[in-house]
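Okay, structure first, notes after.
The values are calculated or read from the model by the stated rules, or taken from the named source; none is laboratory data. Just so we're clear, the structure is a prediction, and the values are computed from it rather than from any experiment. Positions of Cβ are backbone-derived with ideal geometry, glycine not excepted, and every protein chain shown enters the neighbour counts.
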């Protein structure tokens with residue numbers, strides 16, 4: 001009985017430590033994504049970028065954070081106060097919540113205890129991610145609506161319709177992956193890729209669709225219509241100031257990081273180290289760490305890709321956006337799923 | 001219709017090909033172009049540390065010149081103030097007292113010499129008007145300031161360091177002028 005309780009307590013502590021580490025990592029990565037964004041934008045445009053705060057401007061995110069904290073907090077009189085505050089909170093919470101089901105590495109052996117580097121290995125992992133990501137639109141919707149400003153409202157409507165349209169194609173492209181793997185559990189998806197090769201080689205079209213949809217879900221250029229600095233005056237967060245604005249901007253970068261990690265997990269083998277047989281060294285701490293670093297590298301590469309695209313391609317027009325989503329990606333994803341299903345069925349009955 | 005120039009081109013309105021409608025090839029092309037810029041040299045001049053060199057005829061802030069013995073050249077004749085189209089120069093003359101020969105080159109000197117850098121248009125007419133080679137426009141330009149008063153430069157800002165007592169500073173200031181001064 002006591003042993004059971006001790007084990008239960010240890011698990012609790014272990015999970016809390018894991019949550020703290022992962023959320024902190026996500027926040028730090030998001031912080032330095034802002035720096036990376038500015039640097040990459042600068043390099044792509046033959047500029048230098050922030051280089052004053054610290055060596056190479058490395059302390060710039062801290063300076064930005066302090067600046068945001070020190071700014072005056074303004075809540076417009078005509079806004080609905082409760083929802084106005086709820087908006088950025090929701091955006092932030094949903095952004096960090098997705099990290100719960102992602103396997104950040106294999107297992108680590110700590111004093112005879114096998115600790116999996118995943119907060120919750122639930123059997124509906126992928127569905128959970130989708131559910132939380134769809135909740136993310138409420139942050140934008142509520143913030144935009146509560147601001148009581150026509151630009152913000154327009155942006156919120158745009159954001160909602162965009163998210164809904166692209167979620168369909170995203171889900172369908174993911175279904176093809178699930179058909180191959182046969183399980184919704186994130187850890188099973190990773191293990192399957194370790195054994196059979198990365199999903200991106202089986203599902204190149206599915207990955208392309210997923211990637212485009214991920215861009216749209218993160219409200220990144222060329223799908224940044226809800227923000228659209230130059231036509232909607234920053235869209236849904238126009239009325240926001242101080243750290244509430246900071247939360248919105250931050251949530252966007254966390255979303256970007258998480259979607260990079262999700263893409264790495266679903267299509268690029270997660271914490272799988274390429275050209276290396278982990279099974280031979282299973283359980284040793286450095287394999288777990290190396291796997292985690294590998295996942296982070298994959299995520300960083302996809303963040304770079306996101307930024308690279310942002311500073312290359314101009315924004316879509318709204319009708320083009322809807323056209324691409326409903327008449328382009330959705331049928332493509334459907335065909336992709338049908339073909340995959342047929343092939344899987346044929347292989348299984350053979 | 002007859003065209004106004006020979007440079008006009010007929011706009012093509014034929015439907016896009018399949019590759020063009022896919023957009024992806026052109027997107028990859030664009031991304032390749034932006035990627036190549038990652039390795040390009042930046043033309044940025046990191047300002048406070050690095051400074052752009054101006055041409056030899058650049059007209060920046062004024063300096064009041066001294067002769068080789070360190071005496072002020074200005075005699076407060078007022079020709080620069082007359083020449084100034086922006087009326088930026090104000091001066092007050094004074095008579096040199098016995099014993100001040102090492103300070104002022106001639107019997108009359110400027111007790112007060114002010115240039116309002118906000119009025120100044122840096123045309124260089126004062127430099128051309130000066131018969132005594134006393135005023136020159138250097139290669140430095142006006143730094144920022146919080147108050148208007150700070151832009152009115154008096155003799156302490158304008159005078160070049162004394163070549164006899166402060167040779168190093170003098171050489172530096174002379175270098176900043178960037179042109180041959182007497």
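Overview of results
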{"read-out": "Segment A:38-48, subset within 25 Å of the chain's Cα centre (by Cα) and without any contact (Cβ under 8 Å) to a residue 60 or more places away in the chain, residue nearest to the other protein chains (Cβ to nearest Cβ)", "value": "A:43"}
{"read-out": "Members of segment A:39-67 found to be surrounded by fewer than 19 Cβ atoms within 10 Å (Cβ to Cβ) and in a helix (DSSP H, G or I), listed by number", "value": "A:41, A:42, A:55, A:56, A:57, A:62, A:63, A:64, A:65, A:66, A:67"}
{"read-out": "Top-ranked residue in segment B:15-29 [being in a loop (DSSP other than H, G, I, E, B) and at pLDDT below 85; ranked as nearest to the other protein chains (Cβ to nearest Cβ)]", "value": "B:23"}
{"read-out": "Check on residue B:80, more than 14 Å from chain A (Cβ to nearest Cβ) and in a helix (DSSP H, G or I)", "value": "yes"}
{"read-out": "Scan of segment A:186-210 for residues that are surrounded by fewer than 19 Cβ atoms within 10 Å (Cβ to Cβ) and under 17 Å from the mean Cα position of the chain (by Cα), ordered by number", "value": "A:208"}
{"read-out": "Identity of the residue in segment B:109-132, exposed (fewer than 15 other Cβ atoms within 10 Å of the Cβ) and in contact with a strand residue (DSSP E or B) (Cβ under 7 Å, 6 or more places away or on another chain), that ends up nearest to residue B:146 (Cα to Cα)", "value": "B:112"}
{"read-out": "Helices (runs of 4 or more DSSP H) wholly inside segment A:193-259 containing at least 2 residues that are in contact with a helix residue (DSSP H, G or I) (Cβ under 7 Å, 6 or more places away or on another chain)", "value": "A:199-202, A:204-217"}
{"read-out": "Residue satisfying condition, being buried (at least 18 other Cβ atoms within 10 Å of the Cβ), modelled with pLDDT under 90 and either more than 14 Å from chain B (Cβ to nearest Cβ) or closer than 27 Å to residue B:30 by Cα (or both), within set A:270, A:283", "value": "A:270"}
{"read-out": "Number of positions in segment B:30-45 that are under 33 Å from the mean Cα position of the chain (by Cα), surrounded by 10 or more Cβ atoms within 10 Å (Cβ to Cβ) and facing chain A (nearest Cβ under 7 Å)", "value": "4"}
{"read-out": "Test result for residue A:122, in a loop (DSSP other than H, G, I, E, B) and either under 24 Å from the mean Cα position of the chain (by Cα) or surrounded by fewer than 20 Cβ atoms within 10 Å (Cβ to Cβ) (or both)", "value": "yes"}
